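A short write-up of the structure that comes next.
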Amino acid sequence: MRRDSSTGETELNAVTFLPPIQEQIKLVEERMRSQADACHPDLRAALEHLLAAGGKRVRPTLGLLVGNMLDADVDQIITLGAAVELLHTATLVHDDLIDGALLRRGMPTMNARWSPPATVLTGDFLFARAAKLAAETDNLPLMNLFAETLGVIVNGELTQIFTSRGMISRENYDKRIYAKTASLCEMTCRAAAMLSETDLAGIESMREFGYQLGMAFQIVDDILDFTGEQSAVGKPVGSDLLNGLVTLPAIYYAEAHPADPDVLSLPQGGWTNAENMERLVAKIRKSGAIEKSMQEAEEFAERALASLEPFPPSAERVALESLIRYVVDRKR
């Protein structure tokens, strides 16, 4: 995939994948907001705060574009989009509590505002409402897929907590980013196709598209953890490594420099030494590991693009192609 480094290209791509579904995204957010209508005022305020934090809305965008491309029922894909984004938001609420994060997208997290018990219960409420919305599609296979994906996400988080710290393993990394990001993208695209009249081959193509796009998305996230500015990515440069999470740039660096003392220290808990890890982060930033990681993200993106080939030209397909370009070109 060719990447244009000219000023504004990423912003342009972000705009070009939205026009076909801009009004529907607003309906998704309205559906999300309505889930707290009859609830405690503080819970309604919490949901409003989380929605006000914004975000890329990539997951509901995927569902809406795929569903519209395949002529799925509009109300059902809006419901799916709200379910998926609420599920994603719930995972962020719990992740921020686990990580002790006080800011997300420049705004205070729930655990910065509330006690840990209240934060946990807010996340639980969002999970419950996401499941309720998934059930409103009245599609039993979709509901089963939704539940299975939630299980994959939670299992991945537990694996990261208990066994992934300091581990230099490509197999572990691939499973981790699938659970963290690609599984939800994969589910969203597959579910949107399931709500249409497309055949099994079409559903499989959309599942493959979501998987490839999700893997590319997380690899780019992991690259930005090393190359982005703290003000843009919202966390310290190299924060994953400082927390013991060895991502693709660090894996490529370790493969090229197996005798580096800082690399050798990782499995023995060396990641707890901030000075050593900051030094390792600087070495990774200057190495070819960043470029190799980006090449791999682009390979995933190319495979995502190939998954769209069976489908006829449409505004939604063009938007999905623009979304692929946005994923690999973005700066945050």
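The values are calculated or read from the model by the stated rules, or taken from the named source; none is laboratory data. Keep in mind the model is a prediction, meaning the values are calculated, not measured. Positions of Cβ are generated from backbone atoms using ideal geometry, with glycine treated the same way; all protein chains shown enter the neighbour counts. Note: areas computed on protein heavy atoms with side chains; ligands, DNA, RNA excluded. Shrake-Rupley method; radii C 1.70, N 1.55, O 1.52, S 1.80 Å.
Restricting the first member to region 138-164 and to residues that are within 19 Å of Ile177 (Cα to Cα) and open to solvent by less than 80 Å² (accessible area, probe 1.4 Å), and the second to residues that are of a type in the set (Asp, Glu) and at pLDDT below 95, the beta-carbon pairs closer than 9 Å and six or more apart or on different chains are Glu157/Asp95. For region 242-267, the tally of residues that are crowded, with 22+ Cβ neighbours inside 10 Å, outside any helix (DSSP H, G or I) and not hydroxyl-bearing (Ser, Thr, Tyr) stands at 1. In the set Gly288, Gly270, only one residue is surrounded by fewer than 18 Cβ atoms within 10 Å (Cβ to Cβ), farther than 30 Å from Ile21 by Cβ and modelled with pLDDT of 95 or more; that residue is Gly288. The residues of region 37-58 that are closer than 26 Å to Cys189 by Cα and either assigned to a helix (DSSP H, G or I) or in contact (Cβ under 8 Å) with a residue 60 or more places away in the chain (or both), listed by number, are Leu47, Leu50, Leu51, Ala52, Val58. Scanning region 315-332 for residues that are more than 18 Å from the chain's Cα centre (by Cα), surrounded by 15 or more Cβ atoms within 10 Å (Cβ to Cβ) and either on the phi > 0 side of the Ramachandran plot or of a type outside the set (Val, Ile, Thr) (or both) returns Glu316, Arg317, Ala319. Counting only helices (runs of 4 or more DSSP H) that fall entirely inside region 91-206 and contain at least 3 residues that are β-branched (Val, Ile, Thr), the qualifying elements are 116-135, 140-163. Candidates are the residues of region 37-58 that are open to solvent by less than 30 Å² (accessible area, probe 1.4 Å) and within 24 Å of the chain's Cα centre (by Cα); the one that is nearest to Phe209 (Cα to Cα) is Val58. Inspect region 221-229 for any residue being open to solvent by less than 20 Å² (accessible area, probe 1.4 Å), modelled with pLDDT of 95 or more and more than 30 Å from Met107 (Cβ to Cβ) and give the result as yes or no. No, every residue in region 221-229 fails to be open to solvent by less than 20 Å² (accessible area, probe 1.4 Å), modelled with pLDDT of 95 or more and more than 30 Å from Met107 (Cβ to Cβ).
For the structure I just gave you, tell me whether Ser239 is modelled with pLDDT under 95 and open to solvent by 30 Å² or more (accessible area, probe 1.4 Å). No, not satisfied. Kindly provide the set of residues from region 279-303 that are under 14 Å from Ile219 (Cα atoms) and among the small types (Gly, Ala, Ser), ordered by number. Ala289, Ser293, Ala297, Ala301, listed by residue number.
Whether any residue in region 133-148 is within 18 Å of the chain's Cα centre (by Cα), at pLDDT below 95 and among the small types (Gly, Ala, Ser) is what I want to check. No, region 133-148 contains no residue that is within 18 Å of the chain's Cα centre (by Cα), at pLDDT below 95 and among the small types (Gly, Ala, Ser).
Scanning region 298-310 for residues that are open to solvent by 20 Å² or more (accessible area, probe 1.4 Å) and assigned to a loop (DSSP other than H, G, I, E, B) yields Glu309, Pro310. Against the numbered list (1) under 21 Å from Ile98 (Cα atoms); (2) in contact with a Ser or Thr (Cβ under 9 Å, 6 or more places away or on another chain); (3) open to solvent by 40 Å² or more (accessible area, probe 1.4 Å); (4) not aliphatic (A, V, I, L, M), Gly123 comes up short only at (3). Is there a residue being open to solvent by less than 50 Å² (accessible area, probe 1.4 Å) and either within 16 Å of the chain's Cα centre (by Cα) or over 17 Å from Val66 (Cβ atoms) (or both) anywhere in region 191-206? Within region 191-206, not a single residue is open to solvent by less than 50 Å² (accessible area, probe 1.4 Å) and either within 16 Å of the chain's Cα centre (by Cα) or over 17 Å from Val66 (Cβ atoms) (or both). Taking the criterion of being small (Gly, Ala, Ser) and out of contact with any Lys or Arg (no Cβ under 6 Å at 6 or more places or on another chain), the residues of region 55-86 that qualify are Gly55, Gly63, Gly67, Ala72, Gly81, Ala83. Going by the conditions given, is Thr272 hydroxyl-bearing (Ser, Thr, Tyr), over 22 Å from the mean Cα position of the chain (by Cα) and within 30 Å of Gly106 (Cβ to Cβ)? For Thr272, the condition - hydroxyl-bearing (Ser, Thr, Tyr), over 22 Å from the mean Cα position of the chain (by Cα) and within 30 Å of Gly106 (Cβ to Cβ) - is met.
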